[in-house]
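The values are calculated or read from the model by the stated rules, or taken from the named source; none is laboratory data. All values derive from a computational prediction rather than experimental measurement. When we count neighbours, we look across all protein chains shown, and the Cβ atoms used for this are built from the backbone with ideal geometry, even at glycine. Heavy atoms of the whole protein, side chains included, go into the accessibility calculation; ligands, DNA and RNA do not. Shrake-Rupley method; radii C 1.70, N 1.55, O 1.52, S 1.80 Å.
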Amino acid sequence: MKILITGGAGFIGANFIYYELEHHPEDQIVCLDNLTYAGNLETLKEALENPNFRFVKGDIADRPFVFSLFEKEKFDIVVNFAAESHVDRSIESPEIFVKTNVLGTTTLLDASREYGVKRYHQVSTDEVYGDLPLDRKDLMFTEETPLHTSSPYSSAKAAADLFVLAYYRTYNLPVTISRCSNNYGPYHFPEKLIPLIISRALNDETIPVYGTGENVRDWLYVEDHCSAIDLIIRNGRVGEVYNIGGHNERTNLEVVKTILKALSKPESLIRYVTDRKGHDLRYAIDPTKIETELGWQPKYNFDTGIAVTIDWYLNHREWWENIINGEYKNYYEKMYGNR
Ligand code: NAD
Ligand code: DAU
């Protein structure tokens, strides 16, 4: 089988490429990525040595380019990870989120129709459901929860999901969608909470916590997300949405304190800063559907996953230091300088 993985030079896409190369050595993988600030070819260094893997640089919203690639390659499966993914950036500059997340998705859908792709999989997010109250632990997102977005990022992801479902209903394109909770693990760009805490703590720098730190996220180790997507593209029912999560809810403050403790760093590094605009309070996934239909189970809980992740950052200092010593410095100053 020939699989197109878009956004594979980013965090989850790269982990998925390594997962597929290991678990399905018979498949051919092509990665399409235009290497934005979040894309990093260093991450794919080992994959590039595998004869079953190829990298193509290009924009998923570039229609002529995408169509010619599909015509040439005749993909069986398309898995779309490519996106602008950071909520804070979407609050500053929404437009690129519409271009990549919406127009990029519809471009891939059109090419998939035109060239008879057998499965189009959209990697979506639990953020399309909006948020849950902090005082209702009984509530979780199911696949039936209405879409109710908060940020330009989640709105663009929800719009893309609606196009994917429309292409199923209108054109019978064989699609699936997954909506996962917050991921963490190797190759996570240090603008996101967990790698930001680890990299800053290791450099004895302050850790910015938005608001009171009471917001809750439901954390999943990235390999468990990859195993779920792998099951969906091979055994999932066409036209269906699958939620992915492992019941690992933590407040942001709990996450910060866990990491500081594991690194033997003081809690005095914590600095409370102005809250994110429109900040979602709590996410929590009900994964019953993927567990019962496809037999998916996560291998990691938060304690085991965070230990492996911290080890990875300790052993791959060069990977993240190259990032934080570049353009990222300006980003950090702009976002946090006067916060
Ligand atoms: P990321 O920002 O680390 O990587 C995104 C990748 O997409 C980068 O390599 C970037 O270069 C590429 N890209 C961006 N615009 C592109 C374009 N126009 N054309 C081609 N490539 C482009 O993101 P991530 O955290 O790995 O997230 C991947 C996907 O998973 C996204 O669709 C995101 O919405 C979804 N998701 C993320 C999480 C999470 O916790 N990170 C959870 C659930 C779902
Ligand atoms: O739920 C899935 C989503 O998870 C994905 O769709 C997004 O692509 C991904 O970025 C992530 O979104 P979040 O906004 O939840 O992740 P982030 O790491 O930006 O923030 C996690 C929490 O930590 C959130 O409540 C905001 C808070 N935070 C974040 C940063 C960067 C801080 O308190 N301080 C920070 O400096």
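Things to note:
- Over the range 1-123, equivalent-ellipsoid semi-axes from the Cα gyration tensor in Å: 22, 18, 11
- Theoretical ellipticity at 222 nm over the chain - DSSP helices of four or more residues, -39500 (n - 2.57) apiece, nearest 500: -12000 deg cm²/dmol
- Expected-Rg normalisation [2.2 N^0.38 Å, Cα atoms] applied to the range 81-213: 1.21
- Between V56 and N330, the C-beta separation translates, for a Förster distance of 25 Å, into a calculated FRET efficiency of about 0.30.
- Per residue solvent-accessible surface (Å²) - the range 220-277, probe of 1.4 Å: 42 Å²
- The listed residues T251, T6 rank as T251, T6 when sorted by accessible area, largest first, using a 1.4 Å probe.
- Inter-label distance for N235 and N203, nm, one decimal - labels placed 7 Å from Cα along Cα-to-Cβ: 4.4 nm
- Compactness of the range 135-203 was expressed as the Cα radius of gyration divided by 2.2 N^0.38 Å, which yields 1.53.
- With a Förster radius of 35 Å applied to the C-beta separation of L147 and M1, the computed FRET efficiency comes to 0.65.
- Largest-first ordering by accessible area, 1.4 Å probe, given options F189, F55: F55, F189
- Positive-end residue, the range 203-257 charge dipole about Cα centroid, Cβ charges, pick of V216, G239, V255: G239
- Note on the chain: with neighbouring protein chains present and a 1.4 Å probe, carbon and sulfur make up 50 percent of its accessible heavy-atom surface.
- In this simple spin-label model, placing a label point 7 Å from the Cα along the Cα-to-Cβ direction at both L281 and E114 gives a separation of 4.6 nm.
- Accessible area of E267 (1.4 Å probe, protein heavy atoms only, ligands and nucleic acids ignored): about 100 Å².
- Taking the empirical scaling 2.2 N^0.38 Å for compact globular proteins as reference, the range 29-77 has a Cα radius of gyration ratio of 1.20.
- Rolled with a 1.4 Å probe across the full set of protein chains, the surface gives E42 an accessible area near 100 Å².
- Sequence-distant contacts, meaning Cα pairs under 8 Å at least 6 residues apart, place the relative contact order of the range 212-331 at 39 percent.
- Taking the DSSP bridge list for the chain and keeping only pairs wholly inside it, about 10 percent are antiparallel.
- Listed cross-link partners K2/K45; K192/K257; K157/K299; K45/K118 are compared with a 23 Å cut-off, the Cα-Cα value being larger for K157/K299; K45/K118.
- The mean of 1/r over all distinct Cα pairs in the range 232-271, once inverted, gives the Kirkwood hydrodynamic radius of 13.4 Å.
- Distance between the 7 Å Cα→Cβ label points at F67 and E26: 3.5 nm.
- The packing ranking of peptides 317-323, 230-236, 244-250, highest mean first, is 244-250, 230-236, 317-323, where packing means the average number of other beta carbon atoms within 10 angstrom of each residue.
- Theoretical FRET efficiency, 1/(1+(r/R0)^6), r = Cβ-Cβ of A307 and T274, R0 30 Å, to 0.05: 0.40
- log10 of Debye I(q)/I(0), alpha-carbon scatterers only, for the chain at 0.15 Å⁻¹: -1.36
- Within the chain: Cβ-based charge dipole about Cα centre, in debye rounded to nearest 20 (Lys, Arg +1; Asp, Glu -1): 360 debye
- A simple packing score, the average count of other Cβ atoms within 10 Å per residue, orders the peptides 99-110, 285-296 as 99-110, 285-296, with the highest score first.
- Take S68: with every protein chain present and a 1.4 Å probe, its accessible area is about 60 Å².
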